[in-house]
Amino acid sequence: MTKYVIRRIFSGLLTALIVFTLNFIIIKAAPGDPIKTLMGKDTNDPVLRAALEEKWGLNEPEYVQYFNYLTNALRGDLGTSIIYNQSVASMIGSRWGPTVLLGLVAAILALLIGTFLGIFAAQHEGGIMDGLFSMVSYALDAMPPFWLGLMLMIVFASRLGWLPTNGMTDVRAGYTGFAYVLDVARHMVLPCLTLTLVSIPGYFRIAKSSVLQVSNEDFITTLRATGMSERKIFDKYIFRNAILPTITLFGITMAFLITGITLIEIVFSWPGMGRLTMTAINQRDYPALMGIYLVVAICVSVVMIIVDIVYALFDPRIRYD
Amino acid sequence: MGSKKYRGLARMKEAFFLDGQFRAGVIGIIILLIIVVAAPLLATHNPYEYGPDNLVAPGVNGHWLGTNHMGQDVYSMIIYGVRTSLQVALISSLISGVLGILVGGIAGYFGGKVDLVISEVINAFLMIPTFFLILLIVALFGNSITNVMIVIGITSWPGNAKLMRAQALSLRERTFVKSAIAMGETRMQIMFKYILPNGVFPVVANTTRGMAGAILTEAGLSFLGLGDPSIISWGQMIYAGQDYITVGWWVSAFGGVAIILTVIVFYLLGDGLNHVLNPKYSFDKGGK
């Protein structure tokens with residue numbers, strides 16, 4: 001087990017390093033000269049250029065620059081936003097809360113609903129409900145999440161007026177205490193519904209196929225032959241074995257959610273990392289973009305490692321592989 | 001090889017008549033290709049032209065699906081948008097397919113340390129959130145459709161590489177490869193003559209699903225304002241319609257419907273191909 005954990009952590013570190021290197025290569029290869037931008041268009045004084053290069057460490061050889069970038073990031077310094085003149089780390093720090101809230105609630109809802117429907121469909125394989133669920137899941141899988149969000153907004157917010165269209169709270173109302181929680185919940189319904197709906201197909205498919213697969217295994221047939229009740233076989237043997245792949249999917253969905261969230265947050269003006277990304281894109285705030293990418297990539301790999309280790313705890317076949 | 005190919009064709013034919021998903025996918029793709037070729041005949045207006053009717057509802061003044069805020073005809077834009085979507089799907093998945101096949105093939109066939117290093121890199125790349133990477137590159141290097149296609153291609157190869165690696169691993173143990181080694185053929189010859197052509201089918205099925213992914217990614221980029229402004233794209237229609245959803249829902253709505261239908265066609269085709277390629281799958285029992 002220890003060996004497995006060490007190996008997973010090693011792959012995680014490697015991923016972080018690759019992301020890091022990609023970031024460095026991208027910024028180096030990108031068109032545009034940062035010194036020129038700093039000096040202004042009309043100035044072309046070699047002394048000023050040398051001084052600026054000295055100040056930002058751009059006169060060093062490439063590998064030294066890379067190393068500096070790496071050590072800075074390890075110290076938690078992700079650079080400074082060129083638009084807000086604020087450290088990127090603190091900008092992300094003040095924005096991650098709403099994103100995690102939205103993402104986690106949606107991921108858990110999708111896990112529960114998708115798995116439940118998948119198991120149901122497997123137990124009634126070939127039935128009307130199975131066909132219906134499979135079709136809906138196919139269609140949901142093909143939907144651009146941001147489009148679904150817009151459509152839900154048109155129906156439930158613009159037309160019916162049941163729910164607010166944007167933001168996380170009603171700024172004018174200034175609720176406190178329980179009323180505040182309720183207000184956030186009301187604002188969360190549509191973005192959360194959108195994210196849950198687009199994440200359900202994954203769980204549905206994996207739950208359905210793994211229940212079907214486990215049901216056809218020899219040991220289940222043997223149990224049936226002993227005369228054990230179907231219910232007991234399902235609860236005790238099929239369910240436990242079939243639920244395992246869902247854990248892995250949970251990790252992958254979390255990673256996917258982060259990209260999905262970005263677009264959904266923009267649709268509903270949810271004040272999280274997605275909005276931060278959008279502003280950074282619109283204002284061409286590259287340091288902010290790179291910082292966000294780095295943080296997101298590292299979060300994803302950490303989640304995936306945790307998920308893999310949890311999986312290995314449940315399923316010894318993985319550890320001994 | 002000859003008999004194998006023949007069997008493959010026969011199986012495809014069998015699949016077309018017996019496997020609903022495969023049939024629907026093939027018919028869907030044919031319809032899409034017809035729209036690509038016949039777009040000027042099918043469209044009622046010039047999609048690039050800014051007409052006098054701004055934001056008119058579907059059915060008004062001969063605009064079947066209405067117009068957007070610039071007076072462009074939504075129906076004609078959707079017809080022309082098929083070209084963009086298929087182009088993105090095809091070119092980006094071609095790039096990701098070729099990269100995946102080469103990297104995976106080398107890892108699986110050469111094995112040993114080479115495989116260890118490449119596999120580790122593939123796994124690491126699989127963990128990277130690609131959409132963010134694509135977004136970053138497009139934002140920095142410019143949002144021409146060529147850039148978008150290339151970037152989607154070079155970021156989506158790891159899945160293909162993983163599949164190809166597994167194929168190469170099993171192929172190199174097969175007798176016909178071993179006899180080629182005994183005949184003294186070089187590693188490169190074996191790789192390109194035996195391993196790659198024989199292992200490529202699962203990658204093709206996966207790439208078909210990848211095409212759907214590419215279409216969704218392009219739409220996502222367009223929605224962030226990172227689409228190519230000089231072309232007609234469904235993602236950009238949704239993006240542009242977003243500001244007018246209270247007064248003109250049709251601008252965003254129909255663009256999305258077009259994306260969903262196209263993506264479903266590629267899903268059906270991909271799943272159908274998987275059934276065709278899986279020798280254990282029997283069509284007459286609906287896959288059991």
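The table below lists the values:
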{"read-out": "Members of the range A:222-248 found to be assigned to a helix (DSSP H, G or I) and more than 40 Å from the chain's Cα centre (by Cα), listed by number", "value": "A:Thr222, A:Leu223, A:Arg224, A:Ala225"}
{"read-out": "Filter result (within 11 Å of another protein chain (Cβ to nearest Cβ) and surrounded by fewer than 20 Cβ atoms within 10 Å (Cβ to Cβ)) within the range A:282-294", "value": "A:Asn282, A:Gln283, A:Arg284"}
{"read-out": "The range B:119-144 residues that are at positive phi and facing chain A (nearest Cβ under 8 Å), paired with ones that are in a loop (DSSP other than H, G, I, E, B) and surrounded by fewer than 21 Cβ atoms within 10 Å (Cβ to Cβ) (beta carbon under 8 Å, 6 or more apart)", "value": "B:Gly142/A:Pro31"}
{"read-out": "Some residue of the range B:170-187 being more than 30 Å from B:Thr84 (Cα to Cα), buried (at least 16 other Cβ atoms within 10 Å of the Cβ), modelled with pLDDT of 90 or more and among the charged types (D, E, K, R)", "value": "no"}
{"read-out": "Test: A:Ile252 is under 24 Å from B:Gly213 (Cβ atoms), surrounded by fewer than 24 Cβ atoms within 10 Å (Cβ to Cβ), at pLDDT below 80 and within 10 Å of chain B (Cβ to nearest Cβ)", "value": "yes"}
{"read-out": "Inter-residue pairs, beta-carbon under 8 Å, first within 14 Å of B:Pro47 (Cβ to Cβ) and in the range B:229-257, second part of a helix (DSSP H, G or I) and among the acidic types (Asp, Glu), 6+ apart", "value": "B:Ser233/B:Glu218"}
{"read-out": "Filtered residues of the range A:149-200 (kept if of a type in the set (Ser, Thr, Tyr), away from every other protein chain (no Cβ under 14 Å) and crowded, with 19+ Cβ neighbours inside 10 Å)", "value": "A:Thr196, A:Ser199"}
{"read-out": "Any chance A:Thr279 is within 12 Å of another protein chain (Cβ to nearest Cβ), polar (S, T, N, Q), at negative phi and part of a helix (DSSP H, G or I)", "value": "yes"}
{"read-out": "Every residue from the range B:232-257 that is within 19 Å of the chain's Cα centre (by Cα) and either charged (D, E, K, R) or farther than 15 Å from A:Gly149 by Cα (or both)", "value": "B:Ile232, B:Ser233, B:Trp234, B:Gln236"}
{"read-out": "Leading residue by the ranking (surrounded by the fewest Cβ atoms within 10 Å (Cβ to Cβ)) among those in the range B:209-264 that are acidic (Asp, Glu) and closer than 24 Å to B:Leu136 by Cα", "value": "B:Asp228"}
{"read-out": "Positions within the range A:198-229 being within 24 Å of A:Thr246 (Cα to Cα) and among the polar types (S, T, N, Q), in sequence order", "value": "A:Ser199, A:Ser209, A:Ser210, A:Gln213, A:Ser215, A:Asn216, A:Thr221"}
{"read-out": "Enumeration of residues in the range B:124-134 that are in contact with a Lys or Arg (Cβ under 8 Å, 6 or more places away or on another chain) and either at pLDDT 85 or above or farther than 15 Å from A:Val19 by Cβ (or both)", "value": "none"}
{"read-out": "Breaking point among (1) buried (at least 22 other Cβ atoms within 10 Å of the Cβ); (2) small (Gly, Ala, Ser); (3) without any contact (Cβ under 8 Å) to a residue 40 or more places away in the chain, for B:Gly199", "value": "(3)"}
{"read-out": "Any hit, the range B:160-167, residues being at pLDDT 85 or above, in contact with an Asp or Glu (Cβ under 9 Å, 6 or more places away or on another chain) and under 25 Å from B:Leu90 (Cα atoms)", "value": "yes"}
{"read-out": "Residue pairs meeting the criteria (Cβ under 8 Å; at least 6 apart or on separate chains; first among the basic types (Lys, Arg), in the range A:292-315; second surrounded by 20 or more Cβ atoms within 10 Å (Cβ to Cβ) and modelled with pLDDT under 85)", "value": "none"}
{"read-out": "Every residue from the range B:48-101 that is crowded, with 24+ Cβ neighbours inside 10 Å, free of Cβ contacts under 8 Å to residues at least 60 places away in the same chain and small (Gly, Ala, Ser)", "value": "B:Ser76"}
{"read-out": "Which listed residue is under 30 Å from A:Ser94 (Cα atoms) and of a type in the set (S, T, N, Q), from A:Ser215, A:Ser301, A:Ser210, A:Ser229", "value": "A:Ser301"}
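Residues checked against (1) under 28 Å from B:Asn123 (Cα atoms); (2) part of a loop (DSSP other than H, G, I, E, B); (3) at pLDDT 80 or above; (4) charged (D, E, K, R):
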{"site": "A:Thr15", "(1), (2), (3), (4)": "yes, no, yes, no"}
{"site": "A:Leu22", "(1), (2), (3), (4)": "yes, no, yes, no"}
{"site": "A:Ile25", "(1), (2), (3), (4)": "yes, no, yes, no"}
{"site": "A:Pro31", "(1), (2), (3), (4)": "no, yes, no, no"}
{"site": "A:Asp42", "(1), (2), (3), (4)": "no, yes, no, yes"}
{"site": "A:Ala51", "(1), (2), (3), (4)": "no, no, yes, no"}
{"site": "A:Leu58", "(1), (2), (3), (4)": "no, yes, no, no"}
{"site": "A:Asn85", "(1), (2), (3), (4)": "no, yes, no, no"}
{"site": "A:Ala89", "(1), (2), (3), (4)": "yes, no, yes, no"}
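The values are calculated or read from the model by the stated rules, or taken from the named source; none is laboratory data. Just so we're clear, the structure is a prediction, and the values are computed from it rather than from any experiment. A quick note on method: Cβ atoms are made from the backbone with ideal geometry, for glycine too, and the neighbour counts reach across all protein chains shown.
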